[in-house]
Amino acid sequence: MSLELTQEIKDKIKEIVRTTPNITSVGYGYKVSNGVNTGEPSIVYGVEVKKPLAELSSEELLPSEVSIANQPIKTDVVQMGKIEPLNCNGNCGQNAGAASIPNRSYTRPVKGGLSMTSLNNNNTVGTFGLVVKDVATGCILGLTNNHVSIADAFYTNARDLDGQIQNDYDPVDSIYQGTEGAGYFDPANIIGRGVRYVPLHPQSLGLTNNVDAALFSLNINTLSSTQSWKQVGLDSVVTDHLPFATTLEIDNLLASNAQLYSSGRTTGPKGGATCPLKAFQLGVSFPIGYKMQGTTTTVTMTDAIAYLKPPVDHPESQDPAEYGACCNPVRGGDSGSALIADIGGTIKVIGLVFAGGTAACDGGPNSYTYGFACRIDEVASQLGITSWNKGDTLTVVNTSTIEYRTEPGGSDQKTKSCDGKTFWQVGLTDTLDNPC
């Protein structure tokens, strides 16, 4: 079997994660034997703690191979730890020292990799991923995770209608970027406002999700056509506007062994010879907790990219057990970072970072061995965006034209058409009555 991620493999992974208890993840990666990466394709089970075979009960035993499209494929088991969103509520600190100071500083014009937060989710900070373009209007927008900028991103049909009321409308969800600390919520630090996001389904409804992403408008005075396509600390790598990788290019990341890069609020710029990043698994599915009306609620994420930081002296390693993993390819506060790859000599966006795996690591508290990113092709499809290209007009959202419509009860629809316009679900309200 080739290393390309196929739909049959994705379907098998979803089946396994749905029917196999006591695992933290399932993905498509490499088979490891006696600590050595064999280069063979494998379905990789992630467990919170990897035990010797003799200590496993019959219920904990996993198959040595599975069948995909009538072909046998070997399985493997890795210690993935608990996978969790990269929230930063003031306890995540800094990891890259002086290298990450620019990521946490007031910067104009804005660019990818900067610290950001929002009015309605003001107990946490994350990362401004990159500048993108709205397909429908051509407007320039900012991209991050929904758990960075949205207080409650769950579909309203999953929420208690008599419970906590949260939405993106009242108060208006202003987006802030500035030097962290006292005064962060100064109006001078407002760079835009929330526009739309991809709502989440809870696992309890039997539905899955593959995107954690939100868009926000950008004020024209925060943007520059010659600067805002950049990534903090990656000037030698990102030398022009960033195109999105194609589906086929993402499906072949293991085969191409592409060099990865990212710049986040906490860990700063990463990638290249002195701090390499590599794809570890594709098509990864796992349970993860997000806040719904203030309560941590499990959702199932699917089709993610898993990556790691191999040792500097073994940059081609794809397996953390082979030479010993380096810690913290991500850390709390890096949520929303763009994951970038050198694909055939062209630097492209492949994903949007949103989670980390807490496998054993010597990097201290809140350390991670693995990072996880939503695929950019899925983010683009579900949010209706494309890459911001050189020569595109620098058009921004006229926020005075944003409208809201209401309907009774909760909804499982991401969008709704009203008077010939498309409206996106943005939460529950008890202060507005404006039916379609």
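Does a label point 7 Å from the Cα of I165, set along Cα-to-beta-carbon, have any residues of segment 395-411 with amide nitrogen under 17 Å, and which are they?
Under cut-off, by backbone N: 404-411.
Report the local net charge at I43: Lys and Arg +1, Asp and Glu -1, summed over other residues whose C-beta lies under 13 Å from its C-beta.
Net of charged neighbours comes to -1.
Across segment 147-154, in residue order, what do the Karplus-derived ³J(HN,Hα) couplings come to in whole Hz, using 6.51 cos²θ - 1.76 cosθ + 1.60 with θ = phi - 60° and x for Gly and Pro?
So the Karplus estimates, Gly and Pro as x, are 6, 7, 10, 10, 5, 8, 9, 6 Hz.
Rolling a 1.4 angstrom probe over the protein chains, ignoring ligands and nucleic acids, what is the accessible area of K50 in square angstrom, nearest 10?
Accessible area of K50: about 110 Å².
222 nm [θ] for the chain, helices only, -39500 (n - 2.57) per DSSP H run of 4+, per residue, to 500? Can you show the working numbers first?
Details: 6 runs with 38 residues, N = 436.
Roughly -2000 deg cm²/dmol at 222 nm, from the helical runs in the chain.
Determine how large the accessible area of K291 is when every protein chain is in place; take a 1.4 Å probe and give Å² rounded to the nearest 10.
My reading of the accessible area for K291 is about 110 Å².
Amide H to amide H under 5 Å from I191: which residues, 5+ apart in sequence or cross-chain, H placed 1.01 Å off N in plane?
The list, which skips near neighbours in sequence, is I175, Y176, Q177.
Once phi is turned into θ = phi - 60°, what whole-Hz ³J(HN,Hα) does the Karplus curve with 6.51, -1.76 and 1.60 give for every residue of segment 225-240, x standing for Gly and Pro?
So the J values, rounded to whole Hz, are 5, 9, 10, 6, 7, 7, 10, 4, x, 10, 4, 6, 9, 8, 10, 7.
Let me test this: with uniform point scatterers at the alpha carbons of segment 1-146, what is the Debye-based log₁₀ I(q)/I(0) at q = 0.09 1/Å?
Scattering profile of segment 1-146, log10 relative to I(0): -0.50.
Using θ = phi - 60° and the Karplus relation 6.51 cos²θ - 1.76 cosθ + 1.60, list the HN-Hα couplings for segment 253-265 in order, rounded to whole Hz, with x at every Gly or Pro.
Values, residue by residue: 4, 5, 5, 7, 6, 5, 6, 9, 9, 6, 9, x, 3 Hz.
Nearest 10 degrees is fine. How inclined is helix 7-19 to the longest principal axis of the chain, computing both from alpha carbons?
Orientation of helix 7-19: about 90 degrees from the principal axis.
On the first, second and third principal axes, largest extent first, how far apart are the outermost C-alpha atoms of segment 222-279 in Å?
Dimensions of segment 222-279 along the principal axes of its Cα atoms: 38, 26, 19 Å.
So what is the relative contact order of segment 147-291, in percent, for Cα pairs below 8 Å that sit 6 or more residues apart?
Values: 144 pairs, mean separation 23.9, N = 145.
Relative contact order of segment 147-291: 16 percent.
Rank these residues by their accessible area, most exposed first, probe 1.4 Å: L56, L308.
Working: L56 50, L308 5 Å².
Largest to smallest exposure gives the sequence L56, L308.
How high is the FRET efficiency between R18 and V172 when r is their beta carbon distance and R₀ equals 35 Å, given to the nearest 0.05? Let's see the in-between values first.
Values: r = 39 Å, r/R0 = 1.12.
About 0.35, to the nearest 0.05.
When only the heavy atoms of the protein chains count and the probe is 1.4 Å, how do Y368, Y169 rank by accessible area, highest first? All intermediate terms of the calculation are to be shown ahead of the outcome.
On the way: Y368 15, Y169 60 Å².
The most accessible residue leads, giving Y169, Y368.
The values are calculated or read from the model by the stated rules, or taken from the named source; none is laboratory data. From a predicted model like this one, the values you see are computed outputs, not experimental measurements. Methodologically, a virtual Cβ is constructed for each residue, glycine included, from the backbone with ideal geometry; neighbour enumeration extends over all protein chains shown. Ligands, DNA and RNA are excluded from the accessible area calculation, which covers all protein heavy atoms including side chains. Shrake-Rupley method; radii C 1.70, N 1.55, O 1.52, S 1.80 Å.
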